[in-house]
Structures are given as C-alpha cells and as structure tokens.
1. Consider a paramagnetic label point 7 Å from the Cα of A:R217 along Cα→Cβ; state which residues of the range A:104-123 have an amide N under 20 Å from it.
2. Straight distance only, please: which aspartates and glutamates reach the Cα of A:K305 with their own Cα at less than 19 Å, same-chain residues fewer than 8 apart left out?
3. Answer with one residue from B:G32, B:G411, B:A360: the one whose Cα lies farthest towards the positive end of the charge dipole of chain B, charges on Cβ with Lys, Arg +1 and Asp, Glu -1.
4. Taking neighbour counts of Cβ atoms within 10 Å as a proxy for exposure, in what order, fewest first, do B:V249, A:V232 appear?
5. Report the calculated FRET efficiency for A:I257 and A:T162 (r = Cβ-Cβ distance, R0 = 41 Å), to the nearest 0.05.
6. Taking the Cα centre of each part, how many Å lie between the range B:131-148 and the range A:106-135?
7. Given labels modelled 7 Å from the Cα in the Cβ direction, how far is it in nm from B:V66 to A:L86?
8. Once every DSSP H run of n ≥ 4 in chain B is given -39500 (n - 2.57) and the sum is divided by its residues, what mean residue ellipticity at 222 nm do you get, rounded to the nearest 500 deg cm²/dmol?
Amino acid sequence: MNEFSLVLLAASVVATAAPILLASLGETLTERAGLINLSLDGTILLAAMAAFAVAHDTGSVGLGFAAAAAVGGAVAALVGFAGVILGVSQVAVGFVLTLMCRDLAYFLGNPYSRIQGPQVPPLPVPGLAELPVLGPLLFRHNAVVYLSLLLVPALWWVLYRTKWGLEVRAVGEHPEAAYARGIAPRQVQMVCAVVGGALVGLAGAAYSLALKPGWGRPQGAEGIGWIALALVIFGGWHPVKVALGAVLFALLQVAGIPLQEAFPSVPAQVFQVAPFPLMIFTLLFMGLSQRESVERWAEGRPWAKRLVGAFRGAAPRALGRPMKGG
Amino acid sequence: MHIVLDDIHKRYGRVHANRGVSLEVRAGTIHGVLGENGAGKSTLMRILAGYTRPTSGRILLDGDEVRWRTPAEAVARGVGMLYQDPMDFLAMTALENYALGRPWVPARELRRDLEARAAELGFAVHPEMPLERLTVGERQQLELLRLLSLGVGVLILDEPTTGISGVQREILFAALRRLAEQGRSVLLVSHKLEDVEALCDEVTVLRQGAVAGRAERPFRTRELLEMMFGQPPAVPRRVAGAPGEPVLVFRDAWATGGRAGLRGCSTTIREGEVVGLAGVEGAGQNAFLRLAAGLNRPYRGGVEVCGAPAEGYRRLRQRGVAFLPSGRLEEGLVAGLSVLDHFALGRTRIPFLAPWRGAAERAEGAIRRYRIRGEPGTPVEALSGGNQQRVLLALLPERPRLLLLESPTRGLDLESAHWVWEQLLAHKARGTTIVFSSPELDEILMVAERVLVFHDGALVADVKAAETSVAELGSAIAGKTPPAPARTPSPEAVVEAP
C-alpha cells in the first residue's frame with residue numbers, strides 16, 4: 001500500500017469517527033452529571049431518520065441537523081424527566097425508549113426509504129487543505145467532522161476548566177452536597193441530559209446526511225449507540241480517553257475495506273461485524289487495569305504503572321441515582 | 001450571632017422527629033446539643049442550616065425571623081453546617097472542593113486564600129490532592145475553612161469527632177475555641193459526653209425529639225447522663241479468664257486493603273482473649289480483621305485460623321468464625337430485606353425452601369431479647385444504626401469460636417454501646433475469642449485485655465490493657481516509640497466513669 005492510500009485510509013477513519021465522537025461525548029456529558037441515557041441506539045436512528053426526512057422535504061441540510069438535535073434533545077429530556085424529576089429507574093426508561101425509538105424510526109421513515117436526498121457538502125479549510133498529509137487527513141472534510149473534532153477539547157475544557165463544568169461534576173458525584181452548596185442538581189442534570197442528547201441526535205444526522213447518506217432498513221448506524229455507551233464507561237468518563245476509544249472503533253470499521261481486498265475468500269459480513277466483538281475485547285482488556293492483581297503486577301514496572309494509571313477512571317459516584325430530598 | 005429556635009416541630013409521615021424544640025445560643029459561645037442516637041439532633045440542625053424545612057416553628061437570627069428555602073440561603077446569611085455524612089466530593093481535589101459553591105475566583109488566588117486560612121487555624125491542607133486520599137479529619141478541616149471563607153457567623157458541627165484521630169480532635173477543638181472568641185456562635189452536636197464537657201459553655205439535651213434539659217459549665221456528668229437516658233447506663237465489666245490454645249496465628253502476613261494495607265504482621269491470639277486493635281483509620285486494623293475472616297488473602301506470609309490455614313469466609317464460618325463489618329448496611333445486612341428475611345437467610349435444612357416458620361420464631365425472639373425497636377417485617381434500612389447493630393448481633397451463631405468485629409459501636413450512643421459490649425462479653429464468658437477494632441481508645445481500654453497497635457500497616461505495639469494508658473497508646477498510634485511496659489495507672493483511671 002502506498003503512502004497516498006494510507007493517508008486516505010486515515011482520513012476516512014477521521015470521517016467515520018465523527019458520529020461516534022458526537023454520540024459518546026454527548027453521553028459523557030450526560031453521565032458526568034449523574035444521569036444515564038440508555039436510549040442512545042434508538043435515538044441515533046430516530047434522529048437520523050428525522051434529519052433525512054426534514055432535509056429531503058425542505059432541501060436544507062442545516063434544518064435536517066436542527067431536527068436531529070431536537071429529536072435527540074427531546075428523547076433525552078424524557079429520560080431526564082423520568083429519572084431526575086420523577087425518580088424512576090433511568091435504566092428501565094432508557095431501555096424502553098431505545099427500542100421504541102428504533103421501531104418508530106423504521107415505521108415513520110418508511111416513505112423515505114431508499115430515495116435520493118441532500119448531503120452535507122465537503123468544506124475544505126482554505127489554505128490548510130493544501131498541506132501535505134495533514135491537509136487530506138484533517139482539513140478536507142465536511143463541517144460535521146470539524147465539529148466532532150473540536151468537541152473533544154471543548155468538552156474537556158468545559159468540564160475541567162469552567163465553573164459550570166465543576167458544578168456538573170459535583171452533581172454527578174454527590175447531588176446532596178451540591179445542593180448544600182447552592183447548586184440546583186436537578187436543573188444541572190436536565191441541562192446536561194438535553195445538551196448531551198442533542199449531540200447524540202447530531203450523530204444520527206451525521207450518518208443519514210454525511211457518512212451513510214440516505215435512509216433505509218438497516219440504515220448502517222445500528223449498534224453505534226451501544227458502542228458509544230461502552231466507550232464512555234471504558235474511557236473512564238474522560239472526554240479525551242473516550243475520544244481515543246471512538247477513533248479506535250472507527251479504525252476497526254475502516255480497516256475492513258483493505259482487509260477484504262486482501263482476503264477475498266473471507267465473507268464480507270465477517271469484516272462488517274468484526275469491529276463490534278473486537279471493540280468489546282479491547283474494552284475488556286482495558287478494564288483489566290482496574291483489577292487489584294494487575295495493579296500489584298504493575299508495581300515496580302514504571303511503564304506498566306503509567307499505562308495502568310492512564311486507563312483508570314472511576315464512575316461518577318451518584319451515576320444513575322436520583323437526588324434524595326432537598 | 002444570636003440564635004433562637006422557637007418551638008420547632010418536624011414530622012416525617014408518622015414519625016415526629018422534633019416535638020416543640022426551643023433553643024437559644026448566645027453570640028461567641030459554644031453550645032452543645034447532646035442526645036442519644038435518634039433523639040432528633042441532626043434533624044434540628046438540618047432545619048437551622050436550611051437543608052430541611054420545619055413543619056412548624058420559627059428561627060430567629062439576631063432577632064429577625066428567617067425562613068430558608070435552600071442551604072445556600074442560610075450560608076449567605078451566615079449559617080453554615082458540617083454535616084454528619086460529609087457533604088464533599090471525593091473524586092475532586094481539595095481546591096476544587098473549596099471552589100465549589102462560590103463565585104469564580106482564579107485558581108491561584110483561591111489556593112493562596114485557602115493556605116492562608118489553614119495556616120491561621122493550624123490546619124494542614126493539600127490543595128492538589130484528591131479528597132479520597134485525605135483522612136476524614138482533613139476533609140473536615142477543609143470544609144470548615146470553606147465555610148469560614150464564605151463568612152459564616154454560626155457554625156454547626158454534627159458529630160465532628162466520629163472517625164477522626166485524637167490529635168485531629170484537639171486541633172479541631174482549639175480552632176473552635178478561637179472561632180468562638182472571635183464572636184462566632186458554634187453548635188456542637190454529639191452523643192459523646194466527653195466532647196461536650198471538653199468544649200461547650202452550655203448544653204441542651206434532647207431526648208426522643210424534645211428538650212430533656214439544659215445545663216451550663218461546669219457540667220455534672222451524672223446529671224447530663226440522666227437527662228440523656230432517664231437513668232445512667234451501666235458500664236460493662238471485663239470478664240477474667242485464662243487464655244487457651246492459639247486460635248488465630250499471623251506469620252509475617254502482608255496484604256492490601258485500607259490506606260496502608262498490612263505489612264509483615266506476626267502475632268498469636270489465644271482462645272478466650274479479648275483483643276483490641278488500635279490505630280488511625282486504615283492503618284492496618286481492618287486489613288488484619290479481613291485477613292483473619294478470610295475475606296482477603298495475604299500476598300506474602302500466612303494466616304492460621306483455629307489450627308488450619310485460613311480459607312474463604314464461607315469455610316471459616318463452619319469453623320466458628322464470625323465477622324461483623326463496620327458498614328452495617330453496606331456489608332452486614334441486606335438493604336431491602338426485612339428483619340424476618342434475614343433470619344430466614346442462609347440457614348436452610350431443606351434446600352430451596354425458606355424456613356419461614358422457624359425464622360419467624362427466631363425473629364420474634366431476637367426482637368424481644370435484643371430489644372430491637374422494629375417489627376419482623378420492618379426493612380432493615382428503616383431501623384436506626386443501633387437497632388441494625390442489634391439485629392447483626394442477634395444473627396451471630398450461637399457459640400462462635402472467634403468473633404471479628406470492625407468498630408462494633410461505631411455511631412452508637414453510650415447506652416447502646418455498653419449494651420452491645422454486654423452481649424459480646426457474654427460470648428467471651430462462654431469461651432469465645434474476640435478481636436475488634438475501634439477508633440476510641442477508651443473503649444479499647446474498657447473491654448480489651450490486650451491491645452495491638454497499628455501504624456502505617458505495621459504492628460508496632462502489643463501490650464496488656466492493664467499496663468498501658470491512652471497517652472501511651474496515642475503516641476504508639478502516631479508512630480512514636482512503642483510504649484514502655486508497666487509503669488502506668490490501671491485502665492479504670494482513664495475510663496470515664498459515669
């Protein structure tokens with residue numbers, strides 16, 4: 001494989017990672033505030049369908065994205081209302097919603113199945129797009145990809161460098177203590193749910209209007225929601241680590257294409273499905289770093305200790321538990 | 001600030017937690033709120049701090065009536081509280097904890113402010129350290145500094161001496177005295193007489209949600225105890241007995257767990273001994289108990305229980321080992337199950353079927369015998385801490401050979417604590433070996449025959465309780481030279497006698 005096609009491959013990893021980044025970072029924000037939105041997989045499909053339908057009917061890609069964000073925010077608001085305000089099990093509500101949204105998407109999207117529609121136009125960054133290697137890798141994508149890449153440092157900055165981010169983390173850790181300090185935990189959780197959900201919705205639009213344009217059954221975004229949820233856990237609820245996981249998954253997905261050419265005798269389905277179990281195994285492997293025995297082994301091996309330390313991340317202590325009293 | 005609580009009532013459903021409590025605190029004084037567990041102290045203080053709203057009654061600050069909607073409002077008016085369950089954020093650094101709940105200030109400036117305030121009160125702070133690596137006492141100091149930096153004039157401390165070392169207690173009390181001298185009002189909630197006697201100018205005693213009496217310094221211990229309990233509780237007596245065969249043997253055992261783990265511990269404990277484990281939180285006592293119970297394994301060295309190498313807890317139970325963890329609801333009991341369910345658990349003769357009839361009898365019997373305030377159908381999480389401990393004691397096997405207890409009287413008032421020890425020492429009279437940890441040296445000296453002191457994971461002293469004192473144990477706990485044997489007064493001199 002020559003250098004040029006390697007760059008192209010890397011560029012398609014960046015493009016493939018965009019929706020996964022949007023979804024997993026959105027969920028990271030929500031879970032940092034202590035709320036689990038388990039409806040991701042269904043939300044992505046419903047938002048993808050809504051984005052395509054709106055963009056098709058109005059001819060405006062922008063309105064399509066707005067519709068997707070609205071759908072994502074609305075579903076998350078439902079989870080938030082049930083979990084935060086009513087104190088119902090967030091897991092149960094999220095699970096029901098993920099199934100309902102998926103079926104709703106297939107049902108409502110039927111008239112839009114397999115028809116031509118608008119797409120996000122490529123938007124090379126003037127000047128930077130001409131750079132060797134870096135140009136094609138990072139600066140000849142569409143606006144969604146740029147947004148997903150910028151979101152990584154942006155979310156990190158918000159969570160770790162702003163007063164609001166500190167309050168979000170505080171609410172996820174100990175909502176009662178946050179309340180004692182004058183923060184309104186339920187309000188913070190609702191805001192994080194809706195903003196996180198809107199990002200998940202954008203992930204759906206990123207599929208149906210950019211990465212896998214069009215609508216159908218299957219759309220191609222199925223399963224991504226679950227992967228995003230797993231990425232948040234194994235990324236230790238840290239935006240940068242979660243983002244690295246998302247890029248890794250995109251790499252596994254993209255790697256299937258050249259591999260299929262190299263091994264034509266292997267059925268194509270193997271390469272389509274392989275990223276999912278591979279990702280799960282990778283995540284399990286990373287999860288091992290939490291084990292005490294691994295920690296003891298790493299003691300006395302500086303490189304291993306650093307590696308184990310880098311993978312470590314604890315869940316927000318109040319994750320999934322609604323605030324008591326107040 | 002001058003505080004008046006006037007006829008405060010608080011009802012939670014059918015429970016009447018405060019029944020017309022009135023209380024007055026003059027500016028610049030330290031006021032004690034004394035009472036046994038469940039007397040309504042915490043509820044009353046949460047009402048004053050704005051965390052809970054009273055059902056009826058008035059709060060007056062310097063003569064003005066106030067009605068809080070949130071605790072933040074109370075802080076803005078100068079009333080701050082250190083809650084019994086720390087209201088802080090373990091995953092964040094000390095500085096982040098300090099910053100939360102105030103207008104944004106550049107980190108460097110805030111850090112300087114924190115360090116200056118800490119120096120003033122003689123506190124040690126570690127601004128960049130995550131809170132989970134600090135001790136309870138250090139977290140408390142940080143929270144105190146935070147409230148002071150917000151300008152509070154009334155400081156409420158709910159059971160501040162639970163879980164902190166003797167040294168930290170002295171630092172805290174010195175700081176509170178200074179704050180009172182500066183004109184602040186301090187409310188100290190405690191079920192420990194010695195706290196109140198050491199610090200307070202005045203005291204209000206609560207019993208069953210109502211005011212049982214008031215007193216001013218100098219206090220008469222007997223009077224306070226009568227107000228708390230109706231009549232003073234009896235002190236349990238140590239039971240004599242000659243030690244027999246080795247029951248628990250540690251051979252250079254190393255293990256993880258707690259703050260320091262356990263590092264190279266060797267000792268032998270014999271049948272019929274009552275051994276107290278002393279040390280600051282996580283210095284090795286609990287790692288020791290968990291190894292002995294088979295809940296953890298040494299990564300080097302060995303542990304023998306009842307003459308054979310230790311195995312998992314399930315197996316050790318059959319050899320007569322019983323372990324009582326300090327986290328009653330976390331580890332000891334199953335939240336969500338009733339008292340009756342607990343008696344039906346784990347004792348089936350016929351597999352698959354739950355022995356309901358036998359369990360009902362045993363539950364009723366235990367409730368009567370152990371005076372548990374609850375019904376067989378009461379979920380255990382609805383019981384008070386003292387009653388949960390009573391259930392755990394009732395669930396112990398009839399004749400255990402080795403009892404391992406983690407802070408068996410944690411959070412219990414004097415009466416319940418003494419009652420618990422009476423039950424435990426009754427086991428000892430039947431030949432049971434008891435090994436327990438406790439943060440209270442007085443408790444250890446009261447009931448133990450032998451004391452093992454841990455510092456930073458190592459066993460640093462092994463002394464007879466009759467030949468040592470609080471002061472000597474205290475210096476061993478702090479890692480100073482081990483106490484020299486035999487030149488001290490008898491432990492009765494240091495046990496506070498009601």
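1. Only A:104-117 fall inside the zone, counting backbone N under 20 Å.
2. Cα-Cα hits under 19 Å: A:E292, A:E295.
3. B:A360
4. If I rank by nearby Cβ atoms, fewest first, I get B:V249, A:V232.
5. E between A:I257 and A:T162, to the nearest 0.05, is 0.50.
6. Result: 53 Å between the Cα centres.
7. My value for the distance between the label points is 3.8 nm.
8. -9000 deg cm²/dmol
Quick note: the coordinates plus some simple rules give every number you see, no bench work behind them. Predicted model, so just to flag it, every value in this text is computed and none were measured. Using ideal geometry, Cβ is built from the backbone for each residue, glycine included, and neighbour counts are taken over all protein chains shown.
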